[in-house]
1. Gain in length, residue 577 to residue 515, computed as 0.36 nm per residue apart minus the alpha-carbon separation, to one decimal in nm?
2. Points 7 angstrom from Cα along the Cβ direction at residue 421 and residue 65: gap in nanometres?
3. What does the accessible area per residue of the chain come to in Å², with a 1.4 Å probe and no ligands, DNA or RNA counted?
4. Hey, got the Cα dimensions of the range 464-528 along the principal axes, in Å, largest first?
5. Which loop-located trypsin sites (Lys or Arg not before Pro) does the range 34-141 contain, where loop means any DSSP state but H, G, I, E or B and the Cβ has at most 16 other Cβ atoms within 10 Å?
6. Measure out, as a whole number of angstrom, how far apart the alpha-carbon centroids of the range 509-573 and the range 316-368 sit.
7. As a check on your grasp of the helix formula, calculate [θ] at 222 nm for the chain: sum -39500 (n - 2.57) over DSSP H runs of n ≥ 4, divide by the residue count, round to the nearest 500.
8. Given an 8 Å cut-off on Cα distances and at least 6 residues of separation, report the relative contact order of the range 76-194 as a percent.
Amino acid sequence: MREKIKYIAIVLNVVLLIAVYIISQSHILWNIDHQLADFNMKETAHHEPNSKIIIVAIDDDSLEVLGRFPWDRSVYAALLDNMNLEDNIPKAIAFDVIFSEESNNMDSDMAFAQALATYPNVILPVVGNTGLTETTQTKGQLTRATSVLKPYELYADLVQQAHINRVSSLDGVIRQAWLHIQGPDGEVIPSLAYKAVEMAGYDLTKYVNWTDPRKTTEKVMKNTITVDYELSTEDFTTVSFIDVLEGNIPADWFQDAIVFIGFTAVGLSNDGGQDTGITPIEKNMKLVYVHANIANQLMIGAMVEYTPDWIELALTMLLFALFVALPWKLKNIYSFLLFIFTAAIVLYGQYALYESTMTRIVVVNALLAMVLAYLANVSLKSYLDNVQKSFVTRQFGRYISPDLVKQIVAKDIDIELGGDLKLITILFLDIRGFTPLSEKLSPPELVDTLNTMFNMITETTLRNEGTIDKFIGDAAMILFNAPLEVKEHERMAVQTAYEIQQGMKKIRDEILDKYDCEVNVGIGIHTGNVVVGNIGSYLRVDYTAIGDNVNIAARIESQTKKGQVHVSEQVYEKTKAFFRFDEGEDRMFKGKSHPIRVYEVIEPIQ
């Protein structure tokens with residue numbers, strides 16, 4: 001049985017390992033991994049405002065004063081004038097507002113163009129059409145745009161240009177950013193945040209060729225980073241467009257700052273929809289704050305990194321192997337508690353690693369391997385335990401106490417052919433007067449009478465932790481200290497014999513009254529080393545004891561008279577403090593060259 005279960009376990013675990021590999025490659029668990037990553041980022045965000053980043057918001061207050069959007073472009077010219085006063089000049093003014101066409105007022109267009117020509121710190125956005133990313137992009141290369149929506153030609157040569165393409169995962173969350181994309185003519189276009197930070201004079205060398213080995217469904221494109229969202233909307237310094245336009249904001253606020261101008265009013269966007277996106281730390285973040293978060297990340301030099309694949313593979317294999325083995329070595333309750341503890345440690349560990357080093361380790365595949373290994377092996381073990389329990393119950397249930405059956409199952413004693421040398425106490429019992437009784441009774445009556453006696457003998461034996469080895473006609477063989485250890489097994493055997501003799505008094509009187517025939521029991525007990533175990537063939541096996549000391553117990557019983565309990569000297573020495581005995585006598589037994597001293601049990605010592 002064990003070999004079969006072992007084979008099944010090996011096959012099952014190999015199948016599970018293959019399943020883990022297939023699932024990991026199919027990215028079914030990526031959403032869970034994303035949720036873990038988002039939790040880490042949200043919980044570790046420092047929310048420390050960056051005074052060098054200012055948001056000029058096209059908000060509801062501005063709409064109330066300036067009217068329905070789009071506005072006359074002369075207001076942007078006036079806005080730039082108010083932000084570029086004397087020595088209080090921003091390092092970069094990045095518009096998250098598209099100006100791709102001429103307006104209805106050429107004079108206003110010219111006024112805005114004149115302002116753009118005056119101030120070289122302005123960035124206008126472009127939008128690249130990246131098409132069907134999965135089929136048209138090449139892994140390891142810059143994201144290519146099949147076309148680029150650029151600023152109105154009147155403005156194009158007067159400003160810096162940068163793209164505002166958002167990068168969303170399949171669940172719609174903005175977790176990454178393309179620091180550069182490539183236009184159809186090969187032109188490399190930086191992102192709005194990258195260009196603004198570059199203009200502010202920050203060293204971006206380490207980001208130039210950085211490729212984020214992120215775990216998403218998109219291909220890993222060159223110059224892609226995981227956005228480190230450290231600031232929520234409330235953490236940024238935000239001023240209303242109308243307040244800047246009307247000169248209500250001190251000019252020195254903008255000195256050497258990076259200014260982003262974008263939509264915060266409800267319903268406004270560059271594409272006619274909502275200019276918001278889902279981020280790890282905020283469910284509805286205006287996109288101008290996404291650009292600001294990227295700029296903050298580039299300014300402080302932060303980088304979200306990932307552990308090498310081999311570390312994730314090693315963790316997966318370690319947890320898989322651990323929870324293949326542990327269910328078989330521990331009780332189910334302990335393996336379950338260890339399973340919960342390990343899962344908690346893994347989850348906390350990946351969080352602590354990110355918190356301390358901004359390094360992500362993908363643990364969902366390892367957790368999957370651990371869960372599958374644990375559930376499969378604990379289920380298989382439980383099945384084996386039930387099979388073992390059923391087998392033990394069939395093998396011993398009628399002959400030993402239920403408590404001993406439970407112990408055999410709990411201690412996982414393997415029931416196999418073969419035996420061990422063990423010190424036990426053997427009790428032989430024979431019903432005297434059975435032959436004349438059998439001549440008077442019909443077969444059904446005889447069987448019923450025997451069953452009455454054997455029921456009493458069985459109940460007494462089980463109560464005293466004995467094992468009924470076998471019934472042989474009108475005789476019985478009972479073992480103590482096998483298959484499990486029994487404390488003071490010699491005393492338990494003598495106690496059993498005494499109680500059987502007491503129980504026989506009532507049965508004897510009933511048989512005498514009913515059938516006018518007297519029956520008694522003779523009992524012999526001996527202690528010694530014997531071979532105990534399952535002995536037989538693979539077709540039939542019985543738990544029994546064999547050896548010379550078994551024969552001695554049988555010989556002692558054969559010389560008893562009705563109602564007597566005889567014990568060997570070995571039993572006497574172990575039980576004389578608990579029972580009264582006669583003085584004993586030396587007797588010769590068949591097959592023995594030396595006499596054996598035998599004592600008769602009188603009564604327990606009160």
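1. Numbers: separation 62, 0.36 × 62 = 22.32 nm, distance 4.01 nm.
Length difference between fully extended and current span is 18.3 nm.
2. 10.5
3. 48
4. 42, 22, 16
5. Numbers: sites: 42, 52, 68, 73, 91, 139; in loops: 52, 68, 73, 91, 139.
Sites meeting the loop and neighbour criteria: 68, 139.
6. 56
7. Numbers: 20 runs with 271 residues, N = 606.
Value at 222 nm, helices only: -14500 deg cm²/dmol.
8. On the way: 189 pairs, mean separation 29.2, N = 119.
Rounded, it is 25 percent for the range 76-194.
The values are calculated or read from the model by the stated rules, or taken from the named source; none is laboratory data. For clarity, every value in this text was computed on a predicted model and none was experimentally measured. Reconstructed Cβ throughout: ideal geometry from the backbone, glycine too, with neighbour counts over all protein chains shown. Just the protein is used for accessible areas: all its heavy atoms, side chains included, with ligands, DNA and RNA removed. Shrake-Rupley method; radii C 1.70, N 1.55, O 1.52, S 1.80 Å.
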